[in-house]
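Chemist: Got a structure here, written out as structure tokens. Questions coming.
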Amino acid sequence: MIVTTKQLFAHAYGNYALGAYNINNAEQIMGLFRGNIRSQAPFIVQISRGARAYTDKRLLEYMIRAAEEIFPDAIFAVHLDHGDEETCYDCIESGFYSSVMIDASYLPFEENVAVTKRVVERAHEKGISVEAELGQLGGVEEDISVDEDKVHLTDPEQAAEFIARTGCDSLACAIGTSHGAFKFSGRQSLHFEIIEAIQKLVPGFPLVMHGSSSVPQEEVERINAAGGALKGAKGVDPKQYLPAAKLGVCKINIDTDGRLVWTRVHREYFRDHPEVFDFRKPGKVFMEEYAKFIASRNELLGSAGQLEAVRAMLTGE
Ligand code: G3H
Ligand code: 13P
Ligand code: ZN
């Protein structure tokens, strides 16, 4: 069942966070649905502009619709990750997405407000939720590269004003994370005081944490031992997910970790089976490993075991 992020956040707020997982292909979709059903978790399927362009946006839509049939118990939102205005409108009109992110965080405050407001108006006409972003993460987001020293953490007062003026349904805040496998080069850490201050100003309003992959060191070591070169890769401590959720973070974005699982499985598989050229063999291993990874993250997010309670809330039973 496809629902909006707003509906999911209404159940999660202050208690747990939804995992928001990026997908690009059939194997990720199967692993994702399997892992969420196995851990009985509601979840968010995220599709970036890069993912839409990788094969064809319709292919992802039809595969997700097929997954919905294969896993009829699943409850999830379909969300555009880091959308620009044009892509948001395309998703809003599609009849498939239940949530979009308008990322105008690179623009000056007033322009970010104006663009976000326009998207909110169009989305709300169709009952679609909108995530916006204020502040800038480090690392690389789609095609925009943000230097570490230019990272702007979210200003809580501005956040409260932005939420009131735009009518967005959730807000991605920059609290010290960055996208990719190389977060924290030593001096950075998570700024929970920013989330706390925003929660005080707008109690009950759902916040979003981007760049939340944990970059498990075991994965990195296995990748490197199988021919990879990911030196100094480091992520967020996943034990921070639940404390963040208690402060109103309802959505935690995880993409890089899934890519690491994929890379580890395939590097090891072809190293250990040099005679194999049937890609379904490592593909099957990946789907299972990704399902296990998703279930393990849902335990840390607190979303594991919430599926039936969410269903009861949605159906009023
Ligand atoms: O924020 C970026 C996400 O990890 C999506 O990455 O744009 O390479 O698909 P992508
Ligand atoms: P990671 O790179 O930490 O997985 O972050 C993903 C993300 O924020 C997608 O929007
Ligand atoms: Zn992001």
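Chemist: What are the residues in the stretch 168-183 that are open to solvent by 30 Å² or more (accessible area, probe 1.4 Å) and free of Cβ contacts under 8 Å to residues at least 60 places away in the same chain, if any?
Modeler: Within the stretch 168-183, Phe182 is the sole residue that qualifies.
Chemist: Answer with yes or no whether Ser214 is under 19 Å from Gln240 (Cα atoms), open to solvent by less than 20 Å² (accessible area, probe 1.4 Å) and in a loop (DSSP other than H, G, I, E, B).
Modeler: So Ser214 passes the test.
Chemist: Regarding the stretch 19-40, can at least one residue be identified that is free of Cβ contacts under 8 Å to residues at least 12 places away in the same chain and more than 14 Å from ligand 2 (Cβ to nearest atom)?
Modeler: Checking the stretch 19-40: not a single residue is free of Cβ contacts under 8 Å to residues at least 12 places away in the same chain and more than 14 Å from ligand 2 (Cβ to nearest atom).
Chemist: Right, here's the next one. Quick check on this structure: which one of Gly176, Gly204 is closer than 14 Å to Ala245 by Cα, outside any helix (DSSP H, G or I) and not aliphatic (A, V, I, L, M)? Reasoning before the result, please.
Modeler: Numbers: Gly176 fails: closer than 14 Å to Ala245 by Cα.
Just a single option satisfies the conditions, and that option is Gly204.
Chemist: Just to be sure, is Val202 away from ligand 2 (no atom under 13 Å from the Cβ), crowded, with 21+ Cβ neighbours inside 10 Å and at pLDDT 95 or above? Spell out how you get there, then give the answer.
Modeler: Numbers: away from ligand 2 (no atom under 13 Å from the Cβ): yes; crowded, with 21+ Cβ neighbours inside 10 Å: no; at pLDDT 95 or above: yes.
So Val202 does not fit the description; no.
Chemist: Same structure again: Those residues that are under 19 Å from the mean Cα position of the chain (by Cα) and more than 16 Å from ligand 3 (Cβ to nearest atom), I need them from the stretch 196-207; list them, please.
Modeler: Listed by number, the list holds a single entry, Phe205.
Yes/no per residue for (1) open to solvent by less than 50 Å² (accessible area, probe 1.4 Å); (2) within 21 Å of Met101 (Cα to Cα); (3) more than 22 Å from the chain's Cα centre (by Cα):
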position: Met209; (1), (2), (3): yes, yes, no
position: Ile223; (1), (2), (3): yes, no, yes
position: Lys231; (1), (2), (3): no, no, yes
position: Lys234; (1), (2), (3): no, no, no
position: Gln240; (1), (2), (3): no, no, no
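The values are calculated or read from the model by the stated rules, or taken from the named source; none is laboratory data. From a predicted model like this one, the values you see are computed outputs, not experimental measurements. Methodologically, a virtual Cβ is constructed for each residue, glycine included, from the backbone with ideal geometry; neighbour enumeration extends over all protein chains shown. Quick note on the areas: whole protein, heavy atoms, side chains included, nothing else; ligands and nucleic acids left out. Shrake-Rupley method; radii C 1.70, N 1.55, O 1.52, S 1.80 Å.
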